[in-house]
Structures are given as C-alpha cells and as structure tokens.
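Throughout, read-outs are computed from the coordinates displayed, never taken from laboratory work. Bear in mind the structure is a predicted one, so any value in this text is a computation, not a measurement. FYI the Cβ positions are ideal-geometry reconstructions off the backbone, even for glycines, and counts take in every protein chain you see.
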Amino acid sequence: MDEVNKGTNKKQQLKLITLTSDFEKQSRGVGSMEAVAYEICPDAKVIHLAHGIPDFGITEGANILETIKRSFTGGVGNYHVCVVDPGVGTPRKAIIIKTKRGDHFIGPDNGVLIPAARLLGIEKVVQITNQKYMRQPVSPIFHGRDVFTPAAAHLASGVAIESFGPEIAIKDLTPPPYEDAKVLMKGKDGKESIIEAQVIHISKFGSLGVNIVASDFDQFPLKLKEKCNVIFKGVKSQTVPMMFATTFGEVPQGNPLIMKDDYGRLEIAVNCGSFAEKYGVKMKDKITITKV
Amino acid sequence: MDEVNKGTNKKQQLKLITLTSDFEKQSRGVGSMEAVAYEICPDAKVIHLAHGIPDFGITEGANILETIKRSFTGGVGNYHVCVVDPGVGTPRKAIIIKTKRGDHFIGPDNGVLIPAARLLGIEKVVQITNQKYMRQPVSPIFHGRDVFTPAAAHLASGVAIESFGPEIAIKDLTPPPYEDAKVLMKGKDGKESIIEAQVIHISKFGSLGVNIVASDFDQFPLKLKEKCNVIFKGVKSQTVPMMFATTFGEVPQGNPLIMKDDYGRLEIAVNCGSFAEKYGVKMKDKITITKV
Amino acid sequence: MDEVNKGTNKKQQLKLITLTSDFEKQSRGVGSMEAVAYEICPDAKVIHLAHGIPDFGITEGANILETIKRSFTGGVGNYHVCVVDPGVGTPRKAIIIKTKRGDHFIGPDNGVLIPAARLLGIEKVVQITNQKYMRQPVSPIFHGRDVFTPAAAHLASGVAIESFGPEIAIKDLTPPPYEDAKVLMKGKDGKESIIEAQVIHISKFGSLGVNIVASDFDQFPLKLKEKCNVIFKGVKSQTVPMMFATTFGEVPQGNPLIMKDDYGRLEIAVNCGSFAEKYGVKMKDKITITKV
C-alpha cells in the first residue's frame, strides 16, 4: 500500500497546464484558454508562462518555451500549450510532442515547439485530428482555445496521446526558427575559436538571450573574468568588449558582460542598464564572439 | 448515493470567478481582488479574463465580456466581475445580473454588463445593498475589491441572489454603450442593403471588432469570397474594399478581409498586419458596409 | 471533534503565496516562480500581486507591498514574495520577515519589504541560508525562482521559520526606501502646520500615491471639502490648490483632489484624468502640503 502510494502520490496530483502566446497579456484570449482548461480538467493548475510575445514571434516563443527545462522539474503531468500561430486557418498541422522527461508540448507545427522539446528529448509526435477532443465548433482562427488547450486538458485528464491522431515522424516536422550556435574551433589548441550566434530574446531589462548552449560555451577558450569581443552586425556594426562573468555585480554599473543565463544559454547584459538600448541591438541580429 | 453524486459532481465543483477591469494588468488592484475571492470562497478558481482595458472604457469592457458566451460553456457556477467603473463614488448602483444560461454578471450599473448578459438572456437583476456581503469598511473608490468581488464569491459559496438586495426592473438599468448594428434592407430582394456599424474593439494585432452580430450578417447579400466596401468615417474618410473570408490565410499577406470572429461578431483585419494602423482607425469609429 | 475542526478549518486550508516583481508582466520569470511554488506546495494558491514594477524600483515595490495590509485579511497562511532585487549576485542577504499579524514576507534585504512589514508589525527576521530549502543549483541571478519562492512554498508546507537560517536583528536590516511623512505642527493650535512628503507611486490612471499615512493626515488641520495647497518641487516647481475629498466625483471633471486611498495612505488625483501627466510629476518628487 505504501509502495503504491509512493508511486501515485503528489506527482500525479500535480497537473500543470502552461499557456504561452502572442496574445495580449491578460486579454480575453488568454482568459478563454484558462477557462477551457478548467472546464475539461478541473484539478489541473493553469500557469501563464508568458503572453504578449511579439506578434507571430516564432523565434521569441521558441526561446521562451526553453525555460521549461530549467524552471519546471515535473516532466510527467506537465502540459505546455504554445499559441504563436501565424498559420492558423491554413493546413499547418496541430501537434503534440511527448518528451523523454515526460513533458508534453501542444501547439502548431511551425517549429515553435522544437527547441524546448529537443532540450528534453523528443520521444514521439502525434498530429491532433480527433474531433472528439476539440471544442466544437472549432473556430477557424482560434485553435488555442478549441484545439490546443483542449488537447492539453484531455491529456491531463488521462486521455492517451495515441487517441488524438496519427503519429508523425520527427523528420517531417517544420524545422525550428533557430539552431544552436556552434563553436568554430580555430588556431592552435582552439585558441582562435569563434562563435557565430544570433539574438533570440530581449528581456524587459534589455538583456540579450543568444542561441549559444551554456555547455557548448565551455568549449570556447575563455575563462571567467576574462574578456571577449562581441561583434554585432545589426543596423549598426560594432565590436563590444565585455567580461565573462557569473553575474551582473562583477562589473561596474553601466558596463557590459556575458554570462550564463538561468535557462541553459548565454546572456549579454549591462549591469543596471539596458544592453539592447545602449547598443541598438534588435531581435535576430547576428553576432560573432572572438577572444580579445 | 450514485444519484446524489451525479447531481453534485464536477459541474458543481467547478466555480469560476472571472475578473475584468480597466486596472493595469497584473497590478495590485487585480491581485487584491483575487485574494478577496479566495478568502471568501477558497474552492473557486479565479480567472483573469482581461485587464488593462482603456481607462473608463465601457464600450471596450462590454465587448470583452461578450467573450463569455462562446469561451465559457459553464453557465451555472460562473461569476463574472467587471470593474470598469468611472462612476465609483457616485450614487450609481452596484448590480448582479443573473442570466438564463446560469452565468452571473457583477459590476456597476453603467451599461458595461448589458451586451454580454443579453447574449445569454437576462433573467433577473438585483441591486447589491446588503452590507453583510460587502468587505468592511467599504472603500469609496474600490468597489471591485469591497463590493463586486465579495458578491461574486458569496454567490459562488451558495448565498442566494435575493440576499444581496432588492430586484431591479431590466428597463431601469443604465443602457449599454452600444446596440447591435442593423442590416438596412434596400433595393430589390435586398440587393442594395447596407449595414451601419461601429468599431467596438481593437485587438493587439490591430484587428477591428464591430457591433455586427454574425447571424445578422448572414442576412446581408454577401457570399463567402465575395467583396464588400467598408466605408470608414473616422478622422480620415475612406472606402476599403475587402473580401468576406473564413480566415486570414484566404487573402494575400497585407490584404484586408472581413470575417466572423471567435465570439459571435464580425472582425475586420489585415492578413499578417494591423488594420487599425494601416488605415488609421480608432475605437468607436462609425463604418458603413455596402456591396461592391 | 468539532473543536479540532474549528482550529484546522478554512484558515489552514487557505495558503496564499503572492508574487510581486519587476519582471515583465506575464513573462517566463513570473511563470517560472508560479511553477516552483506549486511543485513544492501543491495546495497553495499563487496570486500575482503585481509585476512589471519599474526596473530595480525599490520605492515602488515597497509601496505596492503595503497593499497587503488592507486587501488581505488572512495573516496566518499568507506568504508574500517580492523580487525587486538589483543586488542579486552580490552578498546582499535573502530574508524572511514574520509579522505580528502572521503574514510572512520573503525577499532581498534591500529595504523593499520593510514598509509593508512594519504596517503589520515586525516580529522576527531570519536570513535564508539553509541550502536544503533552495532549488538546486541556485542560479546566481534568479533568486526569485531558486531562493525566495521555494522559501515561501516550504513555509506554506509547514517548515518552521527557524529552519531557514539564523535570526537577524531588525536594526541590522537595510533601511526602507522611504519613511512616513511627518506632519510638522506650526502656528497657534497647529493651524499653520505643513507636511513634507514624497511621491511613492504613480498609478496607471496617473494618480499619485504619497508617503503620508492616512491616520497621520487626520492631525493636519484640514477638513473634508476644504482646500489645501500642494507644492511640487520636481522638474517644474508649482503650487496646485486642491480639495480634500472622499472620492473623485466630489470635484468637477478635470479638477485635482487629495483623498485617502484604498490602502491606508493619501492619493492625489484628477477626476477622470491623469494628475501625473497634467502636472508633469515623477516618482520620488518631493511635495509640501500647506493650508490655503
């Protein structure tokens, strides 16, 4: 009995449905999805992971979903809905991705779910075609409410992933909006290595998220407290030298730094300031990192 | 026993209290109302339907509440609080509207609750006067926290609507900020009919919500894929021809379209763009629709 | 049995964890903290009290937390997390303040928690040092997720405050960003008294919150409906005469007024308008109030 309880305990009771969208924050679209989730699965907890993503911002949305690996430890019992869906109303597929950790991602097949799902290991992908698990009539322009959130809530209620529709091969999915940056090994012992990367997030504070995986960065020949050059190729081409630090406070106020972020990638920031504003950087700008 | 359980099942367990306001999104006013709801009715679920409605925006607030008909199926057990309340502190009444579907609307008697309540059928209106169900002392400027939300939470806890105060005749309510647009039948077989309408919502994406009921629009002599002229009479007078479509993807990117929205009315949009910005349209602008 | 139930009833079931931050509203940081709270304490309810506080806005954050005294009646079972934390990554302490009413405040030792905690009476302060109650590995830049919210959730789950770390003397805490304004008694019978105060909040509507405690204001020789002069010393020096009113509607539209706010302090506003915009007032501007 105790053994059984161990297995079915707490973990099974906690059903988290997260919602992420390019809808306006705290707007009726967001509230509608929350209501649908509770109507179908009253014992789930709905968490608004992020809304107000720039319109049709697949890059930004994909990056925000990456948060899940580090901030959610649940895995099993976690259902993540993402509605950044410029293709709604076209024949783009609605999909569920089951990951090896147990998390499920639900949303459009436009690449937005891939980076976050890859971080947890993609196990299986299913297309949502079963009308039974959609809210009827299905709005041609609001699949977040009528297709994706219902799927998440039905999964949370115990419906098997196979019930939603046919399996899709991973290779047939729409590719993600960005791949991980690669460290290009150059020079003797890699001492002249460079990284070609891209801005995939700009925070409220004006800090940049870049598509470099923290563990990949460890291969780059740069030690903590050393400086690197970050070359920006946006509107304005410029080279900004900055320290590789653990946190903001290690550089004087107003100075730039590069550090590991909270979610497994690298972040470029200014201590107590906005990097994006100070240096005129925009989303998707390309950057190159070299040793000083 | 089973019979009893059937009756008291799921549906009764799900008590949804929705909050809509012109307070800043995720601000202390919003958080305060959520706390009050849980303190009075701990087993309710609070959903933030929409906040950040333009200050004193009765038209916009009324339109947002209309969402409830389509996005919430509950009816019984659903309590919708709306705090767009420029008259707080004046003798305007605080009211509860019970609808035929079972939803209750709670807020000021300034017309903001009427359009949404009408969609569900107004059954009964009660003025909130019983101090027992208010949070004491009642702030003269924050009835959302001290009058409306407590009323919703007490209703959710099982207090009868009659306990809150005297009944009010529907005809004595403050009229709504807009009425439904009418199709004016003209010409032989109605072939020259026009619609005089008004912008009652502008979304984050710049799409316009108009006060035309979708089923009324079906009387207008326009078939899917056909074009109509939409004449705007705001700051800039202009005629915009556009296709009547089911969804965005049916017109080329950047092109305008008119379609049924997710909530029972008509929407005017640009595929992958902002109609409001492109054509300089503002809230409450008058429009006329004619056949091309 | 009944006696036992009385003691363990409702009150114990209601565990509220509130979150306040300078993170972007409905952003991944906010969603991450909510997830952590539920993972540790599934039967708590998470309330977003306020987010989007101006970056590093300790004054604004402190003022917003003051809401708790008036809007939350719980005390016991209420855990308030505040993440306005420019010092994250420096040796600033993480603390829990237990108040006499029973509320706990959890956040950085930078003064932001003090004004709200003082209103409820500070009983005890503990530094959070026990790694066992932190989320591992602790991010050097996101203590909201890995230190503060876990502490709140563990407290809500029944962990004793003493378990988190050593007690700190109240006098050793970093001082608050503002003190209460004092009424300076002058003239015969205090008839020429003045108040030297400061703007500590500006609402979405452009109303000013000032650091005057409502009950202190009662000492000022001004009756309801009488006028006072409010002298602003910001960018633009100016004297604005205004009525002391109970609520907006007591002055004509567009006119200024001073009144008690919903949370225990004074508010300066314009009926149906924005005071801050009309008079060019900014956060932290100094003001002097005199009788006309």
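In degrees between 0 and 90, to the nearest 10, how far off the longest principal axis of chain A does helix A:28-40 point, with axes built from Cα atoms?
Compared with the principal axis, the helix lies near 50 degrees.
Please arrange B:I17, B:I170, C:I195 by how many other C-beta atoms lie within 10 Å of their C-beta, fewest to most.
Working: B:I17 28, B:I170 14, C:I195 23.
Lowest to highest Cβ neighbour count: B:I170, C:I195, B:I17.
Please give the peptides A:77-90, B:251-264 ranked by average Cβ packing (other Cβ atoms within 10 Å per residue), highest first, as a rough proxy for protection. Each step should come with its number before you reach the end.
On the way: A:77-90: 23.1, B:251-264: 18.3.
Most protected by this proxy first, the peptides run A:77-90, B:251-264.
Would you be so kind as to identify which of A:I141, A:A156, A:T59 lies farthest towards the positive end of the dipole of chain A, taking Lys and Arg as +1 and Asp and Glu as -1 on Cβ and the Cα centre as origin?
Of A:I141, A:A156, A:T59, it is A:T59.
Name the residue from A:T99, A:S21, A:Q127 whose Cα lies farthest towards the positive end of the charge dipole of segment A:2-172, charges +1 on Cβ of Lys and Arg and -1 on Cβ of Asp and Glu.
Sorting the options by dipole projection puts first A:T99.
In the protein assembly as shown, with Lys and Arg counted as +1 and Asp and Glu as -1 at Cβ, which of these residues, A:F220, A:Q238, A:F72, has the Cα nearest the positive end of the dipole, that is, farthest along it?
A:Q238
Given 20 °C and 1.002 mPa s, compute D for segment B:182-291 with the Stokes-Einstein relation, Rh being the Kirkwood radius over Cα pairs; round to the nearest whole µm²/s.
Numbers: Rh = 13.7 Å.
After rounding, the answer is 156 µm²/s.
Taking neighbour Cβ counts within 10 Å as the exposure measure, how do A:T59, B:T18 sort from fewest upward? Walk me through the intermediate numbers first.
Working: A:T59 24, B:T18 30.
Starting with the residue having the fewest Cβ neighbours, the order is A:T59, B:T18.
So how do A:D172, B:D146 line up by other beta-carbon neighbours within 10 Å, fewest first?
Fewest to most other Cβ atoms nearby, the residues stand as A:D172, B:D146.
Partner chain Cβ atoms within 10 Å, averaged over the residues of B:73-85 - can you pull that number for me? All intermediate terms of the calculation are to be shown ahead of the outcome.
Values: counts 5, 3, 0, 0, 0, 2, 0, 0, 0, 0, 0, 0, 0.
Mean partner-chain Cβ count within 10 Å for B:73-85: 1.
What number, rounded to the nearest 500 deg cm²/dmol, is the helix-based mean residue ellipticity at 222 nm of the protein assembly as shown, given -39500 (n - 2.57) per DSSP H run of at least four residues and division by all its residues? Can you show the working numbers first?
On the way: 27 runs with 183 residues, N = 876.
Taking each H run of at least 4 residues, the total per residue is -5000 deg cm²/dmol.
Over 18 Å between C-alpha atoms is what I'm after, so list which of B:K191/B:K236; B:K204/B:K282; C:K182/C:K284; A:K25/B:K204; A:K124/A:K171; B:K45/C:K100 land there. Numbers along the way, then the final one.
Values: B:K191/B:K236 28 Å; B:K204/B:K282 13 Å; C:K182/C:K284 16 Å; A:K25/B:K204 9 Å; A:K124/A:K171 11 Å; B:K45/C:K100 29 Å.
Distance filter (> 18 Å) returns B:K191/B:K236; B:K45/C:K100.
Roughly how crowded by other chains is peptide B:35-45, in terms of the mean Cβ count from those chains within 10 Å of each of its Cβ atoms? Intermediate values should be presented prior to the final figure.
Working: counts 13, 3, 2, 7, 9, 1, 0, 7, 1, 0, 8.
Per residue, the number of nearby Cβ atoms from other chains is 5 on average.
Projected area of segment B:2-172, taken from the Cα convex hull and averaged over every viewing direction, in nm²? Please report the intermediate quantities before stating the final value.
Values: hull surface 37.8 nm².
Computed as one quarter of the Cα hull surface, the answer is 9.5 nm².
Net charge within 13 Å of A:L120 by Cβ-Cβ distance, Lys/Arg positive one each and Asp/Glu negative one each, not counting A:L120 itself? The partial results should precede the final answer.
On the way: positive: A:K69, A:R70, A:K98, A:K100, A:R101, A:R118, A:K124; negative: A:E66, A:D103, A:E123.
Net charge around A:L120: +4.
Would you work out the Kirkwood radius for chain A? I mean one over the mean of 1/r across all pairs of different Cα atoms, in Å.
Numbers: mean 1/r = 0.0492 Å⁻¹.
Mean inverse Cα-Cα distance, inverted, gives 20.3 Å.
Cross-link candidates for B:K132: which lysines have Cα within less than 16 Å, leaving aside residues fewer than 8 places away along the same chain?
Qualifying lysines at Cα under 16 Å: none.
Quick check: net charge around A:R92, other residues with Cβ under 10 Å of its Cβ, Lys/Arg +1 and Asp/Glu -1? Kindly include the intermediate steps, with their values, before the conclusion.
On the way: positive: A:K93; negative: A:D85, A:D109.
Neighbourhood net charge equals -1.
Other chains near C:18-26: what is the mean number of their Cβ atoms within 10 Å of each residue's Cβ? If you can, show how the numbers build up before the last one.
On the way: counts 4, 2, 3, 1, 2, 4, 7, 13, 18.
What the average comes to for C:18-26 is 6.
Cα extents of the protein assembly as shown along the three principal axes, largest first, in whole Å?
Sorted largest first, the three principal extents are 86, 85, 67 Å.
Based on Cβ point charges of +1 for Lys and Arg and -1 for Asp and Glu, what charge dipole magnitude is obtained for chain B about its Cα centre, in debye rounded to the nearest 20? Let's see the in-between values first.
Values: 37 positive and 32 negative charges, 101 e Å.
Its charge dipole is roughly 480 debye.
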